[in-house]
Amino acid sequence: MAKVKDLTGKKFKRLTVISFIETRGKSSHAYFKCKCKCGNIIEVRGSHLKENNIVSCGCYAKEIGSKILTKYANSKKHIGKGNPQWKGDKAKYSSIHSWLKRHFNKDNMVCQHCNNNKKLDFALLKNKKYIHNRDNFILLCRSCHIKYDRNL
Ligand SMILES: [Zn+2]
Ligand SMILES: [Zn+2]
């Protein structure tokens, strides 16, 4: 068995490592049980913690994304260039999206804004970069996603 660096007790932004769970997959990635500042318990791959790919259970993105969506809902005004800014044709965009899909299971998840589970996809948070960081993205249903993109 590969040697596992025990991260128990360590803090990574909002996450505190509670315990080692097991190694998974062909490359024996170590998984840890972590407690988020908001109280949620999640399982995170050790390398994602060390590289700061994940800094919360998702509540960080939710807080920022919801603020933007709420602002949009209250303003009623159509902000932006007039159409949802889908970036699906950009190479970098799709590579990050497949990374998110590979590493973060969307099963049993709901829109982080309205709790709907229809056509979920990750939206990039305002002012964040397309990098391999789960917390730069909010998981939204199609309708929230369109509203969100319009407001960027
Ligand atoms: Zn959290
Ligand atoms: Zn939604």
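The values are calculated or read from the model by the stated rules, or taken from the named source; none is laboratory data. Since the model is a prediction, treat every value here as computed from it, not as a measurement. Cβ placement follows ideal geometry from the backbone for every residue including glycine, while neighbour counts extend to all protein chains displayed.
Please enumerate the residues belonging to segment 14-70 that are acidic (Asp, Glu) and either surrounded by 15 or more Cβ atoms within 10 Å (Cβ to Cβ) or under 17 Å from Asn127 (Cα atoms) (or both). Give the derivation first.
To start, the set of residues in segment 14-70 that are acidic (Asp, Glu) comprises 22, 43, 51, 63.
Correct list: Glu63 only.
Tell me, which residue of segment 4-44 that is more than 13 Å from ligand 1 (Cβ to nearest atom) and among the β-branched types (Val, Ile, Thr) is farthest from Asp135 (Cα to Cα)? Walk me through it before giving the result.
Taking segment 4-44 as the starting set, the residues that turn out to be more than 13 Å from ligand 1 (Cβ to nearest atom) are 4-11, 17-33, 43.
Retained after the next criterion (residues that are among the β-branched types (Val, Ile, Thr)): 4, 8, 17-18, 21, 23.
Values: Val4: 25, Thr8: 21, Val17: 17, Ile18: 20, Ile21: 22, Thr23: 23 Å.
Step by step, filter segment 4-44, then rank; the result is Val4.
Kindly indicate the residue of segment 48-69 that is in a loop (DSSP other than H, G, I, E, B) and among the polar types (S, T, N, Q) and also farthest from ligand 2 (Cβ to nearest atom) among those meeting that condition. Please lay out each step first, then the result.
Let us first name the residues in segment 48-69 that are in a loop (DSSP other than H, G, I, E, B), namely 51-58.
If we keep only those that are among the polar types (S, T, N, Q) too, we end up with 52-53, 56.
Values: Asn52: 27, Asn53: 24, Ser56: 19 Å.
Per the stated criteria, the residue is Asn52.
If His113 meets every condition in (1) over 12 Å from the mean Cα position of the chain (by Cα); (2) within 20 Å of Cys38 (Cβ to Cβ); (3) at pLDDT below 80 apart from one, which number is that one?
Result: His113 fails condition (3) only.
Restricting attention to segment 107-132, and to residues there that are of a type in the set (A, V, I, L, M) and assigned to a loop (DSSP other than H, G, I, E, B), which single residue is farthest from ligand 1 (Cβ to nearest atom)?
So in segment 107-132, the residues of a type in the set (A, V, I, L, M) come out as 109-110, 120, 123-125, 131.
Those still in the list that are assigned to a loop (DSSP other than H, G, I, E, B) too: 109-110, 120, 125, 131.
Working: Met109: 14, Val110: 15, Leu120: 18, Leu125: 15, Ile131: 20 Å.
Among those residues, the one meeting the criterion is Ile131.
List pairs: first in segment 40-61 and under 11 Å from Phe104 (Cα atoms), second of a type in the set (D, E, K, R) and modelled with pLDDT under 95, Cβ under 7 Å, 6+ apart or cross-chain?
As it stands, the answer is Ile54/Arg134; Ile54/Asp135, since those pairs meet every condition given.
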